[in-house]
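Some notes on the structure that comes next.
The values are calculated or read from the model by the stated rules, or taken from the named source; none is laboratory data. Just so we're clear, the structure is a prediction, and the values are computed from it rather than from any experiment. Here the Cβ is made from the backbone with ideal geometry for all residues, glycine too, and neighbour counts use every protein chain on show. Protein only, heavy atoms only, side chains kept; ligands, DNA and RNA dropped before computing areas. Shrake-Rupley method; radii C 1.70, N 1.55, O 1.52, S 1.80 Å.
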Amino acid sequence: VQLVQSGGGLVQAGGSLRLSCAVSGRTDSNYGMGWFRLYPGQERQFVAGINWWGGATWYEDSVKGRFTISRDNAVNMMWLQMNSLQIDDTAVYYCAASEVSGREIKKIYEFDYWGQGTQVTVSS
């Protein structure tokens, strides 16, 4: 399984960005997915997750109401729409996929495949 990310970049506080994650190497959609972010000197932190068919989503508290995770299995894509961006959202963002598909997952070790990461920078 390969995950290839696109999107990200520089935006002013209050602005929006959309991150994309393309999945290849799977013929089925029976996998959970999520987004993490990495701050310098810290471990990757969970941001948002989505189950295999997109019917359930879950978020880290600080992004609830601002970020939206979605996926379209017909085109093997996942997205993270980020609105009302704050300076504290500045980080490297990673998409991830998990063989666990039927329950809420948030831990790094629960994910099996990772994208290459993309920088999101929010300026004042």
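See the values below:
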| item | result |
| --- | --- |
| Cβ charges +1 (Lys, Arg) and -1 (Asp, Glu), total dipole of the range 1-99, debye | 160 |
| Low-density loop positions, trypsin sites (Lys or Arg not before Pro), the range 3-104 - DSSP coil, at most 13 other Cβ in 10 Å | K64, R103 |
| Protein-only accessible surface order, largest first, of M77, M82 at 1.4 Å | M77, M82 |
| The chain, accessible surface, carbon-and-sulfur percent (1.4 angstrom probe) | 48 |
| Pairs of Cα atoms farther than 13 Å apart, the range 24-71, % | 60 |
| Net charge of Cβ neighbours under 14 Å - reference S123; Lys, Arg +1; Asp, Glu -1 | -2 |
| Å² per residue, accessible surface of the range 1-83 at 1.4 Å | 49 |
| Residue-level accessible surface for S101, protein heavy atoms, 1.4 Å, Å² | 20 |
